Amino acid sequence: PMGVALRTGAPVYLPTLEAAAARFPRIAEFARASGYGAWLALPLVADAGGPAARVVGGLGIAFAREHRLDGEERRLLETMSRQAAQALDRVRLAEAERAARAEAEAARAVAEHERERATEASRAKSQF
């Protein structure tokens, strides 16, 4: 179920063991043995609805008994997944910024070192 949610960017709701077995027959035995009665796989989509939308992770939820989500529960869980995706994306962006800053600082240090070497070489040449 999670693989489908991640590939499609759409939630996968499995409210009963029968629904899980019908949609995903290869995991039917696992579903029975798990002791759970319902499952939900939510993709974490950054920039949802926009042209740059992309899946950044997934959230899996299992219910002890069969559970059919009503509209309010679905909206709440989908809102949670969007907020989690935004948080993960902000962390990714902050890490990318930190890495870019470190790379720029390293390049600046190399350039400064090369400038100092050129200045010393020029000074030594003029003293010669």
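The values are calculated or read from the model by the stated rules, or taken from the named source; none is laboratory data. Since we're looking at a predicted model, the values are computed, not measured. Positions of Cβ are backbone-derived with ideal geometry, glycine not excepted, and every protein chain shown enters the neighbour counts. Note: areas computed on protein heavy atoms with side chains; ligands, DNA, RNA excluded. Shrake-Rupley method; radii C 1.70, N 1.55, O 1.52, S 1.80 Å.
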Report task. Take the range 65-85 and flag every residue that is more than 16 Å from the chain's Cα centre (by Cα) and open to solvent by less than 70 Å² (accessible area, probe 1.4 Å). Result -> 67, 69, 71, 73, 77
Requested in this report: Might you check whether a residue that is touching a Gly at 6+ places or on another chain (Cβ under 9 Å) and surrounded by 10 or more Cβ atoms within 10 Å (Cβ to Cβ) occurs anywhere in the range 95-113?
Outcome: no
Report summary line: Residues in the range 43-79 that are farther than 27 Å from residue 32 by Cα and assigned to a strand (DSSP E or B) total 5
Query - Inter-residue pairs, beta-carbon under 6 Å, first of a type in the set (S, T, N, Q) and in the range 80-99, second open to solvent by less than 100 Å² (accessible area, probe 1.4 Å), 6+ apart - result: 81/42; 81/44; 81/59
Report task. Tally the residues that are closer than 30 Å to residue 42 by Cβ and hydrophobic (A, V, I, L, M, F, W, C), restricting the search to the range 78-128. Result -> 10
Query raised in the report: Can you name every residue in the range 16-53 that is touching a residue at least 24 places away in the same chain (Cβ under 8 Å), more than 19 Å from residue 88 (Cβ to Cβ) and open to solvent by less than 30 Å² (accessible area, probe 1.4 Å)?
Result: 16, 37, 38
